[in-house]
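Below is one structure; the comments refer to it alone.
The values are calculated or read from the model by the stated rules, or taken from the named source; none is laboratory data. What you see is a predicted model; the values in this text were computed from it and never measured. A quick note on method: Cβ atoms are made from the backbone with ideal geometry, for glycine too, and the neighbour counts reach across all protein chains shown. The area values use the complete protein model at the heavy-atom level, side chains included, leaving out ligands, DNA and RNA. Shrake-Rupley method; radii C 1.70, N 1.55, O 1.52, S 1.80 Å.
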Amino acid sequence: MNYEISKRQVRLWSRIGPRTSFGQAILELANSDENLIAISADLGRSSGFGPLVSKHPKKFINVGISEQNMIGVSAGFSKLGFNVYATSFAPFLSYRASEMIRMNLSYMKIPVNIVGLASGLALEFLGNSHFGLEDISIFRTFPGINIFSPADCSEIFKIIELTSKLKQPSYIRLTGGVNFPIVYEEDYDIEFGKFNSVFSSGDEVHIYATGSMVYHCREAAKLLEDSGIFCKVFNVHTIQPFDSHSFRENCSKSPKLIVSAEEHFVSGGLGSLVLEEMHSSQHANLSLLKIGLPNKYLESGEYEFLLNKYELDSISIFNSIKNKLHKE
Amino acid sequence: MKTTDLIKKARKDIIKYGFESGGFSHYGGALSMLDFLCVLYNEFLKQPKDLSATSERDYFILSKGHCALGLYSVLFNKGYFDEDYFKSYLKNGTDLIAHPIKNLSKGIESSNGSLGQGISMATGIAHAILKKGIKNKVYCVLGDGECNEGIVYEALNYASHYKLKNLCVFLDLNGLQNDPEEYDFRRSYKGSSKEILDIGLKYTNIFKSIGWKINYINGHDEDELRKSLSEFHQKDNDKPFVIIGKTIKGNGVLLMENDNEWHHNKISKSFYEQIKVL
């Protein structure tokens, strides 16, 4: 794949947002991979596939508004050696096409990359029917399906490149909208099945964040540092398989507080995963703060309004962590 | 208000309240189903303004939920809620969002947005009404893009099998869905008259083969809509009924007609000034 992570490029990608960046990444892949097939359930436009359709029309298939059939179709293409990326909005993949994913990707282990567009609260006024509130939780239940969530637009390129070589059943969860904040301004190594440190001032608090929350947690960590609280922030770009080994090593430093952060229900996703890992690594005695959306259907509104309302912005995260520490 | 006037007013209000919200709406699809909705609500639908008052009444389900702005405009003009409530459309924290949220006291029967699920519930309501032995009717608007979803055929089969003669579907055949023609596996009405015939024939044949009664009409002809709805009410009707309405996405707003940019879009101030609403 031919792309460059530079200051100029990341600013451009941030402006256009995750879905248009994803479309660009798929175009780059299509330029070099003759076996690439991009499939969508009538959301080609919403996947940023315009440039792909212009340049490589034969590499895109619209299955129509038929998410369940899309999974079967994707599996069929994969069996003939195609490198498949199939897209829809997060709930229509995780819920509506769930059983087809279970049979084709998990049970039959057929390698297909499915992409959950605009997960979390990105779809604003389209409301709960379209919000991705539970997708990490659902995909965690499928044996053998990898779960990725890019922290910014440049990481989308890295994950597309990674998955194109990996050739395993994978779910890629896109969060955020246009002007998606920048975490990485230059190239870096991304390792499958590991998480990445994006901030380090000390070991009092270990923050495990994913997707859109990585940026907000890093900003919160800077504020915490100013308040004399020293943290590490980890970008969990690969949620499943989770790097239990590094997690155990981190815990052996006895942080006062472990924090999980996700634009997702607070139950069932990354937070629950971290809690399970604390127990299985014999660190259940450590304190955990799970940051995420409350387990209920939410209000609709502009993305920034919702992040603030549900305390997922940097300042709210800073306050939540500070308050939790003072209570302990 | 006469139905002809309701159609004009509701259409103006779609544009007015849509624009004033400052947000994105699915204008095209709201406008293509509007004539049917107005004839239905003005002349046929028998329900109290507060739907929670009783379950023994008529039902309307907007299965193509993203066209909620069209439904809101009709509900407003028929007195289900007031102007202040309509003005909360697309405001932060509002209940009036891009897809209907079930709110019986405001005339909204169900929460929709996930395509194909409305028609499924409609068949359940219709069957339950028959089992109760009451005479009420169930109406449902289905999109043609929506008919890509498999559950639609599950519902159509069920309705036919259980002879749900009290169920009337309006299939809004505007020939377009989200992705534009060049991404699409099926052409839009911008094509030849043969293509128009093909799509209409396809759905006529599907519904007929599954065991429904068909009326294939001009979805913007008030008289034809009225005639079809009257036929649905005839005593000898013994099958679920579909009005396949050939419609224009964005109908009645010249700058929007058949332009798929108006599937989901925002009206700018300058566009609002240019717009002519018929």
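Summarising the amide proton neighbourhood of B:N103: residues at separation of 5 or more, or on other chains, whose placed amide H is nearer than 5 Å comprise B:I108, B:E109, B:S110.
In the full protein context, the protein assembly as shown carries 39 Å² of accessible surface per residue, based on a 1.4 Å probe and ignoring ligands, DNA and RNA.
Separation of region A:266-328 and region B:53-85, taken as the distance between their Cα centroids, equals 38 angstrom. With θ taken as phi - 60° and the Karplus curve 6.51 cos²θ - 1.76 cosθ + 1.60 applied, the whole-hertz 3J(HN,Hα) list for region A:197-202 is 7, 10, 7, 8, 10, x Hz, x standing for glycine and proline.
Given axes a ≥ b ≥ c from the Cα gyration tensor, I'd like to know whether region B:1-127 is rounded (a/c under 1.5), prolate (a/b larger than b/c) or oblate. Rounded.
Per DSSP helix of 4 or more residues, -39500 (n - 2.57); summed, then divided by the residues of chain A. What does that give at 222 nm, rounded to the nearest 500?
The helix-only estimate for chain A comes to -11500 deg cm²/dmol at 222 nm.
Helical runs assigned H by DSSP (4 residues or longer) give chain B a calculated mean residue ellipticity at 222 nm of -11500 deg cm²/dmol, each run adding -39500 (n - 2.57) before division by the residue total.
Residues of region B:98-124 that lose at least 20 Å² of accessible area (1.4 Å probe, protein heavy atoms only) when the other protein chains are present, relative to their chain alone, are B:A98, B:H99, B:G113, B:S114, B:L115.
Assuming a ≥ b ≥ c are the square roots of the Cα gyration tensor eigenvalues, decide whether chain A counts as rounded (a/c under 1.5), prolate (otherwise, with a/b larger than b/c) or oblate. Mind dumping the intermediate values first?
Values: a/c = 1.69, a/b = 1.58, b/c = 1.07.
Judged from the Cα gyration tensor, chain A comes out prolate (a/c at least 1.5, a/b above b/c).
Apply the a/c threshold of 1.5 to the C-alpha gyration tensor of chain B and tell me whether it is rounded, prolate or oblate. Oblate is the answer for chain B, as a/c is 1.5 or above yet b/c matches or exceeds a/b.
Quick one: dipole size for region A:74-180, taken about the Cα centre, charges +1 on Lys/Arg Cβ and -1 on Asp/Glu Cβ, in debye to the nearest 20.
460 debye
A loss of 40 Å² or more of accessible area (1.4 Å probe, protein heavy atoms, ligands and nucleic acids excluded) relative to the isolated chain is seen in these residues of region A:62-96: A:N62, A:I65, A:R96.
Give me the extension gain from A:L223 to A:I16: residue separation times 0.36 nm, minus the current Cα-Cα distance, reported in nm with one decimal.
Here the segment from A:L223 to A:I16 would lengthen by 71.7 nm.
For the chain pair B and A, buried accessible area totals roughly 2200 Å², probe 1.4 Å, rounded to the nearest 100.
Couplings 3J(HN,Hα) for region A:297-304, derived from phi with the Karplus relation 6.51 cos²θ - 1.76 cosθ + 1.60 (θ = phi - 60°), are 6, 10, 6, 10, x, 5, 4, 4 Hz, where x marks Gly and Pro. Placing R0 at 41 angstrom, the Cβ-Cβ distance between A:E34 and A:N319 gives a FRET efficiency of 0.20 after rounding to 0.05. Counting protein heavy atoms only, the protein assembly as shown has 50 percent of its accessible area on carbon and sulfur, 1.4 angstrom probe.
Among the residues of B:19-32, the average count of other protein chain beta-carbon atoms within 10 Å of the residue beta-carbon is 1.
Shielding by partners for peptide A:120-128, expressed as the average number of C-beta atoms from other protein chains within 10 Å of each residue's C-beta, is 5.
About its Cα centre, the dipole of region A:1-137 is roughly 360 debye, where the only charges are +1 on Lys and Arg Cβ and -1 on Asp and Glu Cβ. Peptide A:294-301 has a mean shielding of 3, counted as Cβ atoms of other protein chains within 10 Å of each residue's Cβ.
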